[in-house]
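Please treat every number below as a calculation from the coordinates, not as lab data. Everything numeric in this text was worked out from a predicted model, so none of it was measured. Cβ: placed from backbone, ideal geometry, glycine included. Neighbour counts: every protein chain shown.
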Amino acid sequence: MSHEVNHEFPATSHTVTPLPETNGVLGGIIHSIRTRGLRYALVAAVNVIVGQTLLLALQGAMGPSWANVLAVGLSSVPAYYMNRAWVWGKRGKSHWKKEVLPFWLFTIAGLVLSTIAIAIVHRFTDGKLIINFIQLVAFGILWVVRFFVLDKLFHVEVFEDDTPDGV
């Protein structure tokens, strides 16, 4: 069995054109999205599935606002560790000021915003899917902002005198 070689288009003639270099603030944003954005989106998708499932299930046992608090609390812990390890490639102890605090401040802001939105919507409807949708929208507002803030903070150089806290 012989293999024929295509001399008209040899394998070495195929070139890959790299994406154009980007500079400045816009270049940094594009670079972040290219390198970590997809992984961040995938972690968020997993977190949405877990959080929305918990919220839907918990609404059968308690009011939607309390269900939201519990769902966010339970789904945020794995979201932190998945983001830290998979999106930003961090291992070892977490750094309190540059990793833990910013992540949880955004999580608490999303929790407060979504709980207020749920309480307002719950005055007009008991529809569980509508409440889930409202929670998703409220967190979605902060999702994009959180990516860029955490992306910036997780890539700050850590010096000897700036050791991580044990988390």
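What to note about this one:
- Packing-based exposure ordering (other Cβ within 10 Å, fewest first) of Val100, Val77: Val77, Val100
- Difference of contour (0.36 nm per residue) and Cα-Cα distance, Ile49 to Ile120: 23.2 nm
- Principal axis dimensions, the range 66-157 - Cα atoms, whole angstrom, descending: 49, 21, 19
- Computed from the C-beta positions of Trp88 and Leu129 and an R0 of 30 Å, the FRET efficiency is 0.35 to the nearest 0.05.
- Förster radius 22 Å - calculated FRET efficiency between Ala57 and Leu136 (Cβ-Cβ, nearest 0.05): 0.90
- Once both labels are positioned 7 Å from their Cα atoms along Cα-to-Cβ, the gap between Ala41 and Val145 label points is 2.2 nm.
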